[in-house]
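A.B. asks: To start, I am sharing the structure in question, which I have written as structure tokens.
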Amino acid sequence: MVIIKEKDVNPKLSIVIPSYNMERWLPVALESCLAQTETDIEVIVVDDGSTDRTGEIADAYAAADARVRVIHQENKGLGATRQVGQDAAQGEFITWLDADDFLERNAARDMLGVAERDKVDMVCGNAVVFSEKTFNTRRYFYHHAVSRTTFDNPEYWKSKVLWRWFFRLSFVRRIGMQHPTLKLGQDVCSMYEALTQVDAFSQCPNFFYYFRQDHKRPGSDIEREINHQLEHYREVKRILLAAGRVKPLMKYLLENYFRDIKSLAPRFVGEDAHWRARCVEISLDIFDGLDPAWFRDEFLAPELKSRPEFIPLADALIARDAQAIDVELDRWREAGAKVRDVDKTSAFHTLRRRLKSALKPMSLGARIRLRALEGRAHKRLGPLWNI
């Protein structure tokens, strides 16, 4: 058992865990923090108005270990909840852990070690995406070790998730990093704010984070996708253009905005037809002031390649040509309707992935770590945690 002594100095690391109705998963996340080989940490659970036992479970951990603090609040959403945790943090460094994910036991030691060695304000680590249903695991956009690189490095133009980074808290507060109240795309905005202002950052090659994929995405909701997913592109545009980072903006739009439009266009029918006008309204704002040349190979090379199939829509939006916009959205609606939807959650696909992954070393490691943490949680909480 780790004995935590009262200290007058701040901890090395603050781990913020935003939590809303996470009673099923929060204990594993907390156990993974408290079992770190680097013990000089604080864990801040922000209970975002949960209606289940999330708050009660968090309070039980705080009563058992002085490193855990709990903040209870009325429901405010993920962005505001992250902000509350950030404002309460006292560590030299800060990171965020989703309440349904967990950390490798040496996560804090390894990530902090890189930060201290390279004297940087940000460190990126690697993550394992895993599924309890299929045993499947995969590497999440793996990066090799790098010391003191910058946002000029194209490999990091798509680094858009908050949880794979450690930040020096003084840097976070110096730049005034904010967490938008959008329901989708919050990470991207916060990350681009940081990456465009940090002097240098490093990459830890180790896998320190386990990302549980089974229930991350909510059901398809066209209102969320337009008013929040599309909306966040406006903020991304503002951040990157203000920093003079045109190519990272182009990469983000080419890989993400057009994917979203391709998915949305076939759904502008029936009772959802009115969302087409809202989509166009937001898109016109996103593309306002952009240069058509930015979407072509002559500008994008050598780091990026154009997407010729999307150039007509980009040109139409930049020119604010309503007729051409309608033609392009109709084209994408028809193309999307022809795509056959394959049910990747079917029994066949689930069995296939189970067989493929059962003996994969990464899968075995994830399952062993998960079961050990579940065992610790059961021992600590007893009947309070019935799963």
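A.B. asks: Return a yes/no flag: does segment 138-152 have any residue that is in the same structural domain as A194 (by TED's automatic domain parsing), under 19 Å from the mean Cα position of the chain (by Cα) and among the acidic types (D, E).
C.D. replies: No: segment 138-152 contains no residue that is in the same structural domain as A194 (by TED's automatic domain parsing), under 19 Å from the mean Cα position of the chain (by Cα) and among the acidic types (D, E).
A.B. asks: Taking segment 182-222, which residues are under 14 Å from the mean Cα position of the chain (by Cα) and β-branched (V, I, T)?
C.D. replies: V188, the sole residue that qualifies.
A.B. asks: Does I226 satisfy the criteria of being over 20 Å from Y252 (Cα atoms) and touching a helix residue (DSSP H, G or I) at 6+ places or on another chain (Cβ under 6 Å)?
C.D. replies: Judged against the criteria, I226 is not a match.
A.B. asks: Is it true that H232 is in contact with a Gly (Cβ under 7 Å, 6 or more places away or on another chain) and farther than 21 Å from L284 by Cα?
C.D. replies: So H232 does not fit the description; no.
A.B. asks: Output the qualifying pairs, or none if there are none: Cβ atoms under 6 angstrom, residues six or more apart or on different chains, first residue in segment 36-52 and farther than 9 Å from Y20 by Cβ, second residue modelled with pLDDT under 95 and assigned to a strand (DSSP E or B).
C.D. replies: That search, which allows pairs on different chains as well, returns nothing.
A.B. asks: Continuing with the same structure: Among the candidates F211, F171, which residue alone is modelled with pLDDT under 95 and over 24 Å from L253 (Cα atoms)?
C.D. replies: F211
A.B. asks: T39 - would you say it is in contact with an Asp or Glu (Cβ under 9 Å, 6 or more places away or on another chain) and either not acidic (D, E) or not assigned by TED's automatic domain parsing to the domain that holds L112 (or both)?
C.D. replies: no
A.B. asks: Moving on. Test each condition in (1) surrounded by fewer than 21 Cβ atoms within 10 Å (Cβ to Cβ); (2) closer than 21 Å to L169 by Cβ; (3) touching a residue at least 60 places away in the same chain (Cβ under 8 Å); (4) not polar (S, T, N, Q) for I17 and report the one that comes out false.
C.D. replies: With respect to (1) surrounded by fewer than 21 Cβ atoms within 10 Å (Cβ to Cβ); (2) closer than 21 Å to L169 by Cβ; (3) touching a residue at least 60 places away in the same chain (Cβ under 8 Å); (4) not polar (S, T, N, Q), I17 is out only on (1).
A.B. asks: How do the pairs read when you match residues in segment 226-237 that are over 11 Å from T181 (Cβ atoms) with residues anywhere that are modelled with pLDDT of 90 or more and among the basic types (K, R), using Cβ under 7 Å and keeping only pairs 6 or more apart or on different chains?
C.D. replies: Close Cβ pairs (under 7 Å, with a partner that is modelled with pLDDT of 90 or more and among the basic types (K, R)) amount to I226/R278.
A.B. asks: Let me ask another. So, in segment 127-158, of the ones that are outside any strand (DSSP E or B), modelled with pLDDT under 90 and not basic (K, R), which residue ends up farthest from I94 (Cα to Cα)?
C.D. replies: Among residues in segment 127-158 that are outside any strand (DSSP E or B), modelled with pLDDT under 90 and not basic (K, R), the one farthest from I94 (Cα to Cα) is T134.
A.B. asks: Determine, yes or no, whether R173 is within 17 Å of R82 (Cα to Cα) and surrounded by fewer than 15 Cβ atoms within 10 Å (Cβ to Cβ).
C.D. replies: Against the criterion (within 17 Å of R82 (Cα to Cα) and surrounded by fewer than 15 Cβ atoms within 10 Å (Cβ to Cβ)), R173 qualifies.
A.B. asks: In addition: Answer with yes or no whether K12 is at pLDDT below 95, farther than 21 Å from G382 by Cα and among the charged types (D, E, K, R).
C.D. replies: no
A.B. asks: If E42 satisfies every condition in (1) acidic (D, E); (2) under 28 Å from C189 (Cα atoms); (3) not in a strand (DSSP E or B) but one, which is the exception?
C.D. replies: (3)
The values are calculated or read from the model by the stated rules, or taken from the named source; none is laboratory data. Note that this is a predicted model, so its numbers are computed, not measured. All Cβ positions, glycine included, derive from the backbone under ideal geometry; neighbour counts span all protein chains shown.
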